[in-house]
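Visitor: Sharing a structure here in structure tokens format.
The values are calculated or read from the model by the stated rules, or taken from the named source; none is laboratory data. Predicted, not measured: the structure shown is a model, and the values here were computed from it. Please note: Cβ atoms are built from the backbone with ideal geometry, for glycine as well, and neighbour counts cover all protein chains shown. Side chains are part of the model used for accessible areas, which takes the heavy atoms of the whole protein and leaves out ligands, DNA and RNA. Shrake-Rupley method; radii C 1.70, N 1.55, O 1.52, S 1.80 Å.
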Amino acid sequence: MATDTASADGIHSSVVRRRPDMFRGLTALAALASIFVLGWIFWEVFQEAKPALEKYGLGFLTGASWQPNRDRYGVLPFLVGTGATALIALILAFPPGLAIAIFLSEDFLPRPAREFVRFVVELLAAIPSVVYGLWGIFVVIPIIQSLGNWTTERFGHIPLLSGPAYGNSLLTAGVVLALMVLPTITAISRGSLVAVPRTLREGAYALGATRWETIFGVILPTAAPGVVAATILALGRAMGETMAVAMLIGNSSRLSWSLFAPSGTLASLLANQFGEAEGMQVAALMYAALVLVALTLTVNFAGEVVLRYTERRTAGIR
């Protein structure tokens with residue numbers, strides 16, 4: 001009787017194993033679909049950009065002139081603007097973002113107060129980009145212009161701080177972008193800090209470490225992969241932001257190294273000119289879009305490499 005039951009159970013489990021796993025199939029399909037869509041987007045953009053690729057080649061990346069009436073196109077000023085605004089945003093947003101994450105992950109406040117602050121910070125991510133742009137026009141631009149006038153009078157001999165100072169400038173766009181990426185850095189970093197096992201904290205305290213020694217010597221190194229991931233996502237968000245940047249950066253095609261001068265980004269270039277473009281200008285804009293996609297993928301790939309290296313170092317693997 002026991003043998004019959006065992007054989008019946010074996011047959012039943014064999015039937016169950018042979019039954020197709022629908023959930024696994026759906027998840028695999030979703031993963032393949034995402035890869036297919038990304039490749040499709042890249043291919044379509046490449047096809048539209050092909051005339052400009054054949055005509056301008058790599059000179060498109062080093063050219064500093066954008067003149068649609070003469071069919072002269074170069075995106076070097078917009079490449080510089082894209083990288084500079086993203087870098088400014090990251091420099092301004094990372095320290096306060098990480099500090100807020102530490103403050104919200106440790107027991108500095110009662111739990112209800114921590115949850116309220118967390119909700120307010122993450123609510124910044126829900127504000128539409130155009131609202132950030134309007135806020136920048138009425139609040140940030142006057143502040144940056146006043147600061148720029150004072151700075152250029154005293155330190156104008158430094159290329160980064162040279163004048164004249166404009167309200168719509170590289171620095172203005174970078175400041176507003178910093179506020180936009182702050183919730184990303186804070187939320188992901190906080191999640192990584194909270195996930196650190198409590199036994200590590202207790203072990204550090206047992207060895208005589210202070211709270212801040214525990215935070216900087218134990219918790220932050222352990223949560224480093226999550227902090228790196230937050231930085232990568234914030235950088236990608238800053239590089240691809242369009243509306244707020246287009247409203248604040250000045251949309252200039254001239255190459256300037258001053259923080260107080262108007263500039264442009266690849267995303268703002270596409271937003272401002274694609275609606276009225278025709279002929280070779282369309283191909284040039286699609287070439288710029290292709291460069292932006294390639295730049296974003298490169299940043300994400302480099303970030304993935306850094307993330308894996310950080311995870312290996314955190315785990316003690318050489």
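Visitor: Tell me which helices (runs of 4 or more DSSP H) are completely within the stretch 217-284 and hold 2 or more residues being closer than 18 Å to Ile144 by Cβ, or say none if there are none.
Guide: Values: elements: 224-240, 243-248, 266-273.
Fully inside the stretch 217-284 and qualifying: 243-248.
Visitor: Scan the stretch 102-113 for residues that are under 18 Å from Arg198 (Cα atoms), out of contact with any Lys or Arg (no Cβ under 9 Å at 6 or more places or on another chain) and surrounded by 10 or more Cβ atoms within 10 Å (Cβ to Cβ) and report the count.
Guide: 1
For every residue, the table says whether it meets (1) modelled with pLDDT of 90 or more; (2) within 30 Å of Pro262 (Cβ to Cβ).
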{"residue": "Asp107", "(1), (2)": "no, no"}
{"residue": "Ala113", "(1), (2)": "no, no"}
{"residue": "Gly133", "(1), (2)": "yes, yes"}
{"residue": "Ala165", "(1), (2)": "no, yes"}
{"residue": "Met180", "(1), (2)": "yes, yes"}
{"residue": "Ile188", "(1), (2)": "no, no"}
{"residue": "Val194", "(1), (2)": "no, no"}
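Visitor: May I pose another question? Among the candidates Lys55, Lys50, which residue alone is part of a helix (DSSP H, G or I), in contact with a helix residue (DSSP H, G or I) (Cβ under 9 Å, 6 or more places away or on another chain), at pLDDT below 90 and surrounded by 10 or more Cβ atoms within 10 Å (Cβ to Cβ)?
Guide: Lys55
Visitor: Do we find a residue being open to solvent by less than 40 Å² (accessible area, probe 1.4 Å) and outside any helix (DSSP H, G or I) anywhere in the stretch 176-194?
Guide: No; the residues of the stretch 176-194 include none that is open to solvent by less than 40 Å² (accessible area, probe 1.4 Å) and outside any helix (DSSP H, G or I).
Visitor: If Leu200 meets every condition in (1) open to solvent by 60 Å² or more (accessible area, probe 1.4 Å); (2) in a helix (DSSP H, G or I); (3) in contact (Cβ under 8 Å) with a residue 40 or more places away in the chain apart from one, which number is that one?
Guide: For Leu200, the failing item is (3).
Visitor: Please determine whether any residue of the stretch 241-248 is modelled with pLDDT of 85 or more and open to solvent by 60 Å² or more (accessible area, probe 1.4 Å).
Guide: Checked the stretch 241-248: at least one residue is modelled with pLDDT of 85 or more and open to solvent by 60 Å² or more (accessible area, probe 1.4 Å).
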